[in-house]
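Structure first, commentary second.
The values are calculated or read from the model by the stated rules, or taken from the named source; none is laboratory data. This structure is a prediction, so every number in the text was calculated from the model and none was measured. A quick note on method: Cβ atoms are made from the backbone with ideal geometry, for glycine too, and the neighbour counts reach across all protein chains shown. For the accessible areas, the whole protein counts, side chains as well, though only heavy atoms, and no ligand, DNA or RNA atoms are used. Shrake-Rupley method; radii C 1.70, N 1.55, O 1.52, S 1.80 Å.
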Amino acid sequence: MSDIFSPIQVKGVNFANRIVMAPMVRFGFPSENGVMGNKLLQDYLGRADKGIGLIISQALPVSKEYEIPGWAGAYSDQHINNLNKIAEACHKNGTKFFAQLALAGFSFYDKDSKDVNNLSKEESAKIRDAFIRGAGICKKAGLDGIELHGAHTFFLNMMASPYSNKRQDEYGGDLVKRLTLVKEIVEAVKSFAGAHFIVSYRMGWSDNLDVDIQTAQALEKIGFDMLHVSTGIPQDRNLQLPTGYEYNDVVYTGCQVKKHVNIPVIAVNSIKTLERGNALIEKNCCDFVAYGKPFLADSGFVKYSKENYGYKPCFECPECKWYTDSKKCPAQIIARSDSL
């Protein structure tokens, strides 16, 4: 029986364990012209030796045209150096590193968001090529793979959802057609990926579990090596969970998807402790478990959890202080006071 510290191989890549640091934007860690700023670079480098099986970067925009000021990107060879530094540090310590590739400027519930239906076929193809170029940059940088961001109402999520995609061309229509752009990206990336570069997809849920399963199966057929199941469009949904179920509907969706695909699945969202994540792995509900806030609260989350599987460093503040100013995070304040 596997547990959360069991190694696992995906494609030609060996992971030391099943623990994933989920992609999280570090607000207040500025970058310039898409080049990762030193503060952000040091944050990633400081996590490379912390016993994490896989680190997935925050969302990196693949196009300067759609970049968010201050965000690190993956659209120029100028970005290779710092990505390579992180990959090298991770590999030295037995950790794998993916970049999450995204297209900023598209978010379904943002009134100022761009509309996928207003893009011409030429503009859509340009965006497709930007994702392919971003993957090539990550490959050159020596990363172990990429994760296409198709969740949280971002561009690829909007293209996949019937709520947002009303296009009448080859990029719109039924589920298969709405995934055409993603299919074109994957086929191109697979042409240069080789045996040791993983192409993963962060999948946003729909309004129906059956549709989620169909989407996951379609993504597997397209050629993805892994799936990372999270929220999508709609933002909330009424999913009836089994009586006594100890996790939320996001985790439940990921675990149900796992039953219907033959590629590894990452479960995520408020799993909180290694104990709870380990239970999911032992029951074969997922293949990897991703954590966010526990790693923000304590970069040594894995180390201390080995001693106490129930260790929960995050205080679960109603409004996360880390996202506005990491120095105001209560867990960080206590850590600093303990070090004095």
Problem set entry | Value in Å of the Kirkwood radius, where region 128-175 supplies the Cα pairs that are averaged | 12.3
Seminar exercise, completed: Hull surface over four for the Cα convex hull of region 261-318, reported in nm², is 4.3
For this session: Sequence neighbours fewer than 8 away in the same chain don't count; with that in mind, list the lysines whose C-alpha is under 20 Å from residue 321.
Result: 39, 272, 293, 312
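Just the number please: accessible area per residue for the chain, 1.4 Å probe, all protein chains included, in Å².
Normalised by residue count, the accessible surface of the chain is 43 Å².
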For this session: Could you tell me which of 35, 99, 87 has its Cα farthest along the dipole of region 19-160 towards the positive end, charges placed at Cβ (Lys, Arg +1; Asp, Glu -1), taken about the Cα centre?
Result: 87
Problem set entry | Longest exposed-site-free window of the chain, the sites being chymotrypsin sites (Phe, Trp or Tyr not before Pro) in a DSSP loop that have at most 12 other C-beta atoms within 10 Å | 110-244
Exercise. Under a Cβ-Cβ cut-off of 12 Å, what is the net charge of the residues other than residue 34 that fall near it, where Lys and Arg count +1 and Asp and Glu count -1?
Worked result: -3
Exercise. On full extension of the chain, what length is gained from residue 270 through residue 284, given 0.36 nm per residue of separation minus the C-alpha to C-alpha distance?
Worked result: 3.2 nm
Exercise. Which lysines have a Cα lying under 21 Å from the Cα of residue 111, excluding residues fewer than 8 positions away in the same chain?
Worked result: 166
Exercise. Semi-axes of region 89-211's equivalent ellipsoid from the Cα gyration tensor, sqrt of 5 times each eigenvalue, largest first, rounded to whole Å?
Worked result: 27, 16, 14
Exercise. How big is the antiparallel share of DSSP beta bridges in the chain, given as a percent to the nearest 5?
Worked result: 10
Exercise. Hey, which aspartates and glutamates would be in cross-link range of residue 126, C-alpha to C-alpha under 17 Å, not counting anything within fewer than 8 residues on its own chain?
Worked result: 65, 67, 115, 169, 170, 184, 187
Seminar exercise, completed: Answer check: region 208-340, Cα atoms, Kirkwood Rh, Rg/Rh ratio of 1.03
Seminar exercise, completed: Here the gain from full extension of residue 42 to residue 76, 0.36 nm per residue of separation minus their alpha-carbon distance, amounts to 10.2 nm
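Would you kindly state how much longer the chain becomes between residue 207 and residue 170 on full extension, computed as 0.36 nm times their sequence separation minus their alpha carbon distance, in nm to one decimal?
Gain on extension, residue 207 to residue 170, equals 11.0 nm.
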Problem set entry | Rg in Å to one decimal, and Dmax rounded to a whole Å, for region 37-92 via C-alpha atoms | 11.9, 37
For this session: For region 210-270, just run the numbers: alpha carbon Rg, then divide by 2.2 N^0.38 Å, N being how many residues it has.
Result: 1.11
Seminar exercise, completed: Once all protein chains are kept in place, residue 316 shows an accessible area at probe 1.4 Å, nearest 10 Å², of 90
Seminar exercise, completed: Among 228, 149, 260, the residue with the largest mean-square fluctuation in a Gaussian network model of the chain built from Cα contacts under 10 Å is 260
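Could you give the Stokes-Einstein D for the chain in µm² per second, using the C-alpha Kirkwood radius, 25 °C, 0.890 mPa s?
122
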For this session: Calculate what fraction, in whole %, of the accessible area of the chain sits on carbon and sulfur atoms when a 1.4 Å probe is rolled over the protein chains.
Result: 49
Problem set entry | Over 25 Å between alpha carbons, listed pairs 92/258; 92/139; 92/303; 85/114; 64/221 | 92/258; 85/114; 64/221
Seminar exercise, completed: Measuring from its Cα centre, the chain shows a charge dipole (+1 at each Lys and Arg Cβ, -1 at each Asp and Glu Cβ) which, in debye to the nearest 20, is 540
For this session: State the three equivalent ellipsoid semi-axes of region 148-296, derived from the C-alpha gyration tensor as the square roots of 5 times its eigenvalues, in descending order and whole Å.
Result: 26, 19, 13
Seminar exercise, completed: SASA check, residue 213, accessible area w/ 1.4 Å probe, all protein chains in place, rounded to nearest 10 Å², comes out at 20
For this session: Kindly point out which whole DSSP H helices in the chain project their C-alpha atoms 15 angstrom or further along the helix axis while averaging a Kyte-Doolittle hydropathy of -1.0 or above.
Result: 80-92, 121-140, 180-193, 209-222
